[in-house]
Every structure is written in C-alpha cells, then in structure tokens.
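Written below as structure tokens is the structure these notes are about.
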Amino acid sequence: MKIIVTIKQVANRDAALQIDASGVWIDEEDLDFEVNEPDAYALEAALRLRERAGGEVVALCVGPERCSKAIKEALAKGADRAIHVELDHPERLDTLATARLLAAAAGPEKADLILTGLQSEDLGAGQTGVVLAELLGLPHSTIIMEIEPAGAGVRVRRELEGGRFQHIEMPLPALLTIQSGISKLRYATLMGIKKARSKPRRRVVAEELGVDLTPVAAIERLYPPEKTKQTQMLDGTPAEAAAQLVEKLKFEARVI
C-alpha cells in the first residue's frame with residue numbers, strides 16, 4: 001500500500017507572534033518552526049498502517065527551504081521518501097491553490113491512500129484535505145480516529161458530535177483527514193535520524209508544476225483579539241443574584 005502524507009510546517013505554538021508590516025501575516029523573522037501537530041498524527045497513522053499492511057509512506061510538503069527540517073523529521077520517524085514542493089511565502093496561497101499544488105505533486109504517484117491532518121494550526125480552515133480529494137476525484141472521510149485494512153479497502157472510525165462515532169468501509173484509493181490525539185506520537189530514534197540522510201528526497205519548484213496559484217480568497221487584515229472589560233452589578237437577594245449570575249454564565253458567556 002502506498003500512502004502519501006501531507007505535512008505543513010507552522011510556527012512553534014509557544015512562540016510570541018507579532019503581525020508583520022503588511023498587516024496580513026505574522027512576522028516570521030527569528031521564529032522557530034515545527035511540524036503541524038495534526039499532520040504529525042497523520043504521519044503516525046500512516047506509519048502504523050504500513051507496519052500492519054506493508055507498503056510505502058511518502059511525505060509531501062509545500063513550502064520554502066526551511067521546510068526541509070520538517071521533511072527530515074518525517075523521514076527520521078519512518079517515512080520512506082519525501083517530495084518537497086518548493087515555494088516561498090506559502091501563506092499567500094488560499095486553500096484551493098494549496099490543494100492544486102498538492103494534487104499536481106501527488107497525482108502522478110497513484111497512491112492508494114492520502115492522509116492529511118484535520119486542519120493546520122496557523123489558519124485552521126480544515127478545508128485543504130477535502131478540496132484535494134475533490135481535485136483528485138477520490139472518496140474521502142474526515143475526523144478519522146482509526147484506520148484498519150479491510151479487504152481491498154479500509155475501515156475507518158470517524159468522530160461525530162456528542163461523543164458519537166461512525167464506522168465506514170471505503171474503497172481505495174481514498175483520502176482521509178486525521179484527528180489529533182488518536183495515538184501516541186513516536187520520537188525519531190538515533191538510527192532513524194541516520195537513515196533519513198540517505199532516504200530519497202525529490203525537490204520540485206512549484207512554478208514547474210504549471211498550477212494556477214491565483215487565490216480566490218485572501219486575508220484582508222490580521223489583528224490580535226480585542227480585549228474589553230465590562231462590569232455588571234447584580235441586584236436582589238444573594239439567591240436572586242446567584243440565579244442571575246448562573247443565567248449569564250450559561251446564556252451570555254456560554255461557559256457552563
């Protein structure tokens with residue numbers, strides 16, 4: 001089974017972010033970057049599936065030269081090879097353009113299964129995986145918690161609202177978006193890091209793929225959440241004030 005895993009590199013979640021001069025993105029100077037956490041779980045799911053069913057895991061990443069660090073991590077953890085679509089300023093792409101690049105790179109591979117993280121930690125749109133499936137004409141399912149081989153296809157368990165789950169059998173090839181936290185992530189071993197140095201890595205310049213990167217959606221302004229303070233005095237007896245407080249916490253603040 002050939003499995004492609006899409007990987008995105010994002011700013012470290014503990015970084016102190018500042019908006020850049022353009023006002024539409026963060027200042028990336030002096031930031032540390034890491035693998036998008038949902039994509040790390042997608043990689044882990046692919047590696048576990050390969051361990052059960054055999055085959056090959058291919059890491060696919062779109063981004064600038066610094067993304068080579070994310071690719072090395074994927075290879076060190078166990079991916080067999082990688083494809084790096086080199087593109088400066090990937091944040092300028094919208095979902096459709098990103099999916100088009102991924103489709104152009106993944107299509108010729110004729111993979112049996114494509115796994116993506118449910119969403120990215122920077123934009124959080126949760127759309128790239130399903131748009132990629134549509135461009136490639138693949139059946140897809142989202143918020144996947146478990147994958148098992150099932151004959152010529154796979155059986156998946158997906159998360160629904162209210163703590164419910166749905167079990168689906170799907171034919172291959174297919175695309176799945178993976179929920180975070182479905183398993184324990186492995187660490188790259190010293191042997192894995194050494195082996196990663198000799199694993200195949202193919203670099204493709206984004207412009208050579210002949211993909212229309214014209215965005216159909218764009219960020220107009222990026223700004224921190226506005227902080228406001230509001231004080232309300234509750235009248236009546238202690239019991240009446242408590243009842244009013246519970247009502248406001250429940251229906252206005254929505255925290256209980």
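The values are calculated or read from the model by the stated rules, or taken from the named source; none is laboratory data. Just so we're clear, the structure is a prediction, and the values are computed from it rather than from any experiment. Cβ coordinates were reconstructed from backbone atoms using ideal geometry, including for glycine residues, and neighbour counts include every protein chain displayed.
Scan segment 157-165 and give yes if some residue there is over 19 Å from the mean Cα position of the chain (by Cα), at pLDDT below 95, in a strand (DSSP E or B) and closer than 23 Å to Met1 by Cα, otherwise no. Before the answer, list the steps.
Just the residues of segment 157-165 that are over 19 Å from the mean Cα position of the chain (by Cα), to begin with: 161-165.
Pick out the ones that are also at pLDDT below 95 and you get 161-165.
Filter again for in a strand (DSSP E or B), leaving 165.
Still in the running and closer than 23 Å to Met1 by Cα: none.
Looking for residues that are over 19 Å from the mean Cα position of the chain (by Cα), at pLDDT below 95, in a strand (DSSP E or B) and closer than 23 Å to Met1 by Cα, one finds none in segment 157-165, hence no.
Mind listing whichever residues of segment 104-116 are assigned to a helix (DSSP H, G or I) and touching a residue at least 60 places away in the same chain (Cβ under 8 Å)? The answer is Ala104, Ala105, Ala106, Glu109.
Could you tell me whether any residue of segment 165-183 is of a type in the set (Asp, Glu) and exposed (fewer than 10 other Cβ atoms within 10 Å of the Cβ)? No: zero hits. Residues in segment 76-96 include at least one that is more than 29 Å from Thr189 (Cα to Cα) and basic (Lys, Arg). When both residues are 6+ apart or on different chains and their Cβ atoms are under 8 Å apart, which pairs have a first residue that lies in segment 87-103 and is at positive phi, and a second that is surrounded by fewer than 19 Cβ atoms within 10 Å (Cβ to Cβ)? Between residues of segment 87-103 that are at positive phi and residues that are surrounded by fewer than 19 Cβ atoms within 10 Å (Cβ to Cβ), the close pairs are His89/Pro64.
Going through (1) over 30 Å from Gly151 (Cβ atoms); (2) touching a strand residue (DSSP E or B) at 6+ places or on another chain (Cβ under 6 Å); (3) of a type in the set (S, T, N, Q) one by one, Thr6 falls short only on (1).
Counting the residues of segment 20-36 that are more than 18 Å from Glu220 (Cα to Cα) and in a strand (DSSP E or B) gives 3. Taking segment 107-126 as the range and being buried (at least 18 other Cβ atoms within 10 Å of the Cβ) and either farther than 20 Å from Gly54 by Cα or at pLDDT below 95 (or both) as the test, the residues that pass are Gly117, Leu118, Gln119, Ser120, Glu121. Within segment 43-62, the set of residues being in contact with a helix residue (DSSP H, G or I) (Cβ under 9 Å, 6 or more places away or on another chain) and either in a helix (DSSP H, G or I) or more than 28 Å from Arg158 (Cβ to Cβ) (or both) comprises Leu43, Glu44, Leu47. Taking the listed residues Ala218, Ala253, the one that is loosely packed, with under 10 Cβ neighbours inside 10 Å, under 27 Å from Ile7 (Cα atoms) and of a type outside the set (Lys, Arg) is Ala218, with no other qualifying.
Would you confirm whether or not segment 80-91 contains a residue that is touching an Asp or Glu at 6+ places or on another chain (Cβ under 7 Å), at pLDDT 95 or above, closer than 30 Å to Gly210 by Cα and assigned to a loop (DSSP other than H, G, I, E, B)? Yes.
Taking the criterion of being in contact (Cβ under 8 Å) with a residue 60 or more places away in the chain and in contact with a His (Cβ under 8 Å, 6 or more places away or on another chain), would at least one residue in segment 129-137 satisfy it? It would help to see each step written out before you state the result.
Going residue by residue through segment 129-137, those that are in contact (Cβ under 8 Å) with a residue 60 or more places away in the chain are 129, 132.
In the following step, the residues that additionally are in contact with a His (Cβ under 8 Å, 6 or more places away or on another chain) were identified as 129.
Yes: one or more hits.
Among residues of segment 13-32 that are at pLDDT below 90, those with a beta-carbon under 7 Å from a residue that is small (Gly, Ala, Ser) and in a loop (DSSP other than H, G, I, E, B) at least six positions away or on a different chain give the pairs Leu31/Ala15.
Anything in segment 168-206 that is assigned to a strand (DSSP E or B) and either in contact (Cβ under 8 Å) with a residue 60 or more places away in the chain or aliphatic (A, V, I, L, M) (or both)? List them, or say none. The answer is Ile168, Met170, Ala174, Leu175, Leu176, Thr177, Ile178, Arg201, Arg202, Arg203, Val204, Val205.
With respect to Ile71, is the statement that it is assigned to a helix (DSSP H, G or I) and among the β-branched types (Val, Ile, Thr) true? In short, yes.
So that you can scan it fast, the table gives a plain yes or no per residue for (1) among the β-branched types (Val, Ile, Thr); (2) farther than 30 Å from Arg52 by Cα:
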| site | (1), (2) |
| --- | --- |
| Ala152 | no, no |
| Thr177 | yes, no |
| Lys184 | no, no |
| Gly192 | no, no |
| Gln244 | no, yes |
